[in-house]
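*Asks:* Input: one structure, supplied below.
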Amino acid sequence: MKNVPSTIALIPDGNRRWASTNKLSIFKGYQQGVQKFIDFSEWCRDYGVKNITVWAFSTENFNRPRHEINALFKLYKKAANDPQIIARLHANKTRFNVVGKRELLPMDLRASLERIETQTSHYKERVINMLIGYGGKEDILHAAKEYARSVVRIGKVFTLTDETFKKYLRSYAIPEIDFVIRTSSEERISGFLPWQISYSELYFADKLWPEFSKKDLKKAIAEYGKRKRRFGT
């Protein structure tokens, strides 16, 4: 395919609706969603996408019923300890990063995710960024607080540029995003990576996330290829 985005960000919406439509438990919906992302990462590799960012759990998602949160965290922990998944990361030379308020996560889940970070930290060919316990407004607020602490620490105000401010973000390791895909017909950003998507191309897919296919990704990338990015010019 021509003009493939080098960075894709994904908002995989619709797991619960898919479960309800198919008369399945919410746990089954999330389970299908996790497996779908594993497939999605492989499809991206096939099309030449080098950097993927997925929104796995937002700060607002903590307002959901506790049993739903526990079910999702259980699935993430299971995936993080799956030898086959870890083997695929190594086979594809993929670095795995966690971005968000880690202190909000259960200790066992956090430890499992951070173990994969350590094991894959030397890879440079491909990257998967997992946003978990992440909120866009919180990310900006965190950066502002860290800047203020730096001013207090050195005893003087220093000039901020785009590059220096970005270093204070929780999401500092995530590059500018070329292409954002959101599923389930929801046409909003919901505070997703406000710093990195200021000039991203947006694509809203009709399908619920568990229904999304490789053909749908190909269609989305083909649409991206038709667009002319202007960056304000």
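*Asks:* Would it be correct to say that Val98 is touching a helix residue (DSSP H, G or I) at 6+ places or on another chain (Cβ under 6 Å) and among the aliphatic types (A, V, I, L, M)? Show your work before the answer.
*Replies:* Numbers: touching a helix residue (DSSP H, G or I) at 6+ places or on another chain (Cβ under 6 Å): yes; among the aliphatic types (A, V, I, L, M): yes.
Against the criterion (touching a helix residue (DSSP H, G or I) at 6+ places or on another chain (Cβ under 6 Å) and among the aliphatic types (A, V, I, L, M)), Val98 qualifies.
*Asks:* While we're here: Just to be sure before I move on: is Ser150 touching a Leu at 6+ places or on another chain (Cβ under 7 Å) and more than 22 Å from Tyr30 (Cβ to Cβ) in the structure I sent?
*Replies:* Details: touching a Leu at 6+ places or on another chain (Cβ under 7 Å): no; more than 22 Å from Tyr30 (Cβ to Cβ): yes.
The answer is no for Ser150.
*Asks:* Okay, moving on. Quick one: would you say Lys219 is modelled with pLDDT of 95 or more and either hydroxyl-bearing (Ser, Thr, Tyr) or surrounded by fewer than 15 Cβ atoms within 10 Å (Cβ to Cβ) (or both)?
*Replies:* On the way: modelled with pLDDT of 95 or more: yes; either hydroxyl-bearing (Ser, Thr, Tyr) or surrounded by fewer than 15 Cβ atoms within 10 Å (Cβ to Cβ) (or both): yes.
Taking the combined requirement at face value, the residue satisfies it.
*Asks:* Then there's this: Can you confirm whether region 46-53 contains a residue that is of a type outside the set (Lys, Arg), without any contact (Cβ under 8 Å) to a residue 60 or more places away in the chain and on the phi > 0 side of the Ramachandran plot?
*Replies:* Yes, because at least one residue in region 46-53 is of a type outside the set (Lys, Arg), without any contact (Cβ under 8 Å) to a residue 60 or more places away in the chain and on the phi > 0 side of the Ramachandran plot.
*Asks:* Which residue out of Thr159, Thr183 is more than 18 Å from Ile197 (Cβ to Cβ) and among the polar types (S, T, N, Q)? Talk me through it step by step, then tell me what you get.
*Replies:* Numbers: Thr183 fails: more than 18 Å from Ile197 (Cβ to Cβ).
Among Thr159, Thr183, only Thr159 is more than 18 Å from Ile197 (Cβ to Cβ) and among the polar types (S, T, N, Q).
*Asks:* Here's something else I'd like to know. Consider Glu42 against the criteria (1) buried (at least 17 other Cβ atoms within 10 Å of the Cβ); (2) closer than 21 Å to Pro210 by Cα; (3) modelled with pLDDT of 95 or more; (4) in contact with a helix residue (DSSP H, G or I) (Cβ under 9 Å, 6 or more places away or on another chain): it satisfies all of them except one. Which criterion is unmet?
*Replies:* Unmet condition: (1).
*Asks:* I'm trying to understand the selection: among the residues of region 174-231, which are in contact with a Pro (Cβ under 8 Å, 6 or more places away or on another chain) and assigned to a helix (DSSP H, G or I)?
*Replies:* Passing the criteria: Trp209, Ile221, Tyr224.
*Asks:* Residue by residue through region 150-172, note down the ones that are among the charged types (D, E, K, R) and surrounded by fewer than 11 Cβ atoms within 10 Å (Cβ to Cβ).
*Replies:* Initial filter on region 150-172 (among the charged types (D, E, K, R)): 153, 156, 162-163, 166-167, 170.
If the condition is that a residue be among the charged types (D, E, K, R) and surrounded by fewer than 11 Cβ atoms within 10 Å (Cβ to Cβ), then Arg153, Lys156, Asp162, Glu163 are the ones that fit.
*Asks:* Identify, by number, the condition in (1) closer than 28 Å to Lys167 by Cα; (2) of a type outside the set (Ser, Thr, Tyr); (3) part of a helix (DSSP H, G or I) that Val34 doesn't meet.
*Replies:* (1)
*Asks:* Now for a separate question. How many residues, within region 175-211, are in contact with a helix residue (DSSP H, G or I) (Cβ under 7 Å, 6 or more places away or on another chain) and under 22 Å from Val99 (Cβ atoms)? Spell out how you get there, then give the answer.
*Replies:* First pass over region 175-211, keeping only residues in contact with a helix residue (DSSP H, G or I) (Cβ under 7 Å, 6 or more places away or on another chain): 179, 181, 183-184, 191-195, 201, 203, 205, 207-211.
If we keep only those that are under 22 Å from Val99 (Cβ atoms) as well, we get 179, 181, 183, 191-195, 201, 203, 209.
Of the residues in that region, 11 qualify.
The values are calculated or read from the model by the stated rules, or taken from the named source; none is laboratory data. What you see is a predicted model; the values in this text were computed from it and never measured. Virtual Cβ from ideal backbone geometry, glycine too; neighbours counted across all protein chains shown.
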